[in-house]
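First comes the structure, then the notes that go with it.
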């Protein structure tokens, strides 16, 4: 009979509780907990995790397996090989439900060894609700739950400065640490908590903003029998993720020492400002996705992996990144080139099937946030519009026709934008330049009239005319 994963069958290290983690989801388990498990194995970090389930959910808890579960990290490694690396995570001690075990949750605040708080409560989790009360057990929002936890710790240790915590949220919002701190202080004021407590929040606790990057594919329901057979045991909480990961923490340099980063080679950066790293991710990773979608889709390709197996598409994306995106970004060029190299390896990951049509959701808005900054900077810097980004924009306008060479394209975007393209539909045949002028002139969308960029209207018009009258594969720019 196949063994069940638990500490009786698979004994391993147990670490003292030093981390509270809000969120039990796949991402944190294959990112933060995986990182902490590596730190525990390779350094003297020596930190166990108590997971706090922040929502009222009755799904099975990790306690069923004594906190143990397996991550399977899959993708293209530094040597260019496809790998799948399993790891039993020993660093989670237990999982608490804040709704069912509120007293035990507060008891965690009394632990003198506690040092870190991590969280991922989704983008909507960092919120403020003035209906939350100090007497709620618990209040609704994550910042309110955290405020009560910190207030209990403040009272229990009589405001000792050394009992403050390092708070590192991983929610996908800009400057998440600053926003979380703002809401915690707002709750302290709403509940008329003492000035001494607010001073302690400010002086004794360190709120860090972060940039997190790893695709976590989660429980592999279609492969679980095969994977469990390979592992030799059953695991109800199996968690799969891509090989690449990046953790950028905005905070004081002493956090490197706290995380023992000098002792281990992990892709974790502690920086003064995450903004250039955010711009790098948006421009290179997200920008490449957005540029790829219309070009590859019109070429009959349906997934990112297939696009990267096509020499023309791969060459187009490489040129776009190397010649037009990277020259507009502020970080060290070698660092940007390495990140672009890693991104292309991520796109080639044979374990992830990423549908282009799924990425195409709200493509016009994605182009605005991910590629327009590069288009504007490049045009200003080099006094001409960027060739590859402009071609992608032309392909995007062709994509928004809703069909190409007899194939229907399912469009998903805000209705007012789709209504405009429906209205302009006759222009695809009768007046391409007028169509391009209309699209570039959507000042309410682009926040400016892109027709004012010298040469852009003519270049996009020429590209779109060629795309509409040829097989796109014959005209994708290659050099």
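Quick note: the coordinates plus some simple rules give every number you see, no bench work behind them. This is a predicted model, so every value here is computed, not measured. Heads up, the Cβs are rebuilt from the backbone with ideal geometry, glycines too, and the neighbour counts pull from every protein chain shown.
Estimate the FRET efficiency between residue 189 and residue 100 by the formula 1/(1 + (r/R0)^6), using the beta-carbon distance for r and 30 Å for R0, to the nearest 0.05.
The pair residue 189/residue 100 has a calculated efficiency of 0.55.
Taking Cα atoms, how many degrees apart are the long axis of helix 176-190 and the longest axis of the chain, rounded to 10 and kept between 0 and 90?
50 degrees
Extension gain residue 431-residue 174, at 0.36 nm per residue separation less the Cα-Cα distance, in nm?
88.4 nm
Given the rule -39500 (n - 2.57) for each run of at least 4 DSSP H residues, summed and divided by the residues of the chain, what is its mean residue ellipticity at 222 nm, to the nearest 500 deg cm²/dmol?
Taken over the chain, the calculation gives -12000 deg cm²/dmol.
Could you work out how far helix 456-469 tilts from the main Cα principal axis of the chain, as a 0 to 90 degree angle to the nearest 10?
80 degrees
Kirkwood hydrodynamic radius for the stretch 275-474: how many Å is it when counted over pairs of different Cα atoms? Walk me through the numbers before you get to the answer.
Values: mean 1/r = 0.0589 Å⁻¹.
About 17.0 Å, per the Kirkwood formula over Cα pairs.
What is the fewest-to-most order of 136, 66 by other Cβ atoms lying within 10 Å of their Cβ?
Working: 136 13, 66 19.
Listed from fewest to most nearby Cβ atoms, that is 136, 66.
Taking the Cα atoms of the stretch 1-136, what is the range of coordinates along each of the three principal axes, in descending order and whole Å?
53, 35, 33
Report, as a whole number in µm² per second, the diffusion coefficient that Stokes-Einstein gives for the stretch 210-252 at 20 °C and 1.002 mPa s using the Kirkwood radius over alpha carbon pairs.
Approximately 174 µm²/s, per Stokes-Einstein.
What's the Kirkwood radius of the stretch 104-256 in Å, using all Cα pairs?
One decimal place: 17.4 Å for the Kirkwood radius.
Apply 1/(1 + (r/R0)^6) to the Cβ-Cβ distance of residue 113 and residue 225, taking R0 = 30 Å, and write down the FRET efficiency to the nearest 0.05.
0.15
Out of all DSSP beta bridges in the stretch 3-271, what portion is antiparallel? Express it as a percent rounded to 5.
35 percent
Where both residues lie in the chain, what percent of DSSP beta bridges are antiparallel, nearest 5?
40 percent
Please arrange 200, 446 by how many other C-beta atoms lie within 10 Å of their C-beta, fewest to most.
Arranged by neighbour count, lowest to highest, 200, 446 become 446, 200.
Could you grab the relative contact order for the chain? Cα pairs under 8 Å, six or more apart, rounded to a whole percent.
13 percent
What is the order of 108, 208, 315, fewest Cβ neighbours within 10 Å to most?
Exposure proxy ranking, most exposed first: 315, 108, 208.
Could you let me know the centre-to-centre spacing of the stretch 418-479 and the stretch 15-54, using Cα atoms, in angstrom?
49 Å
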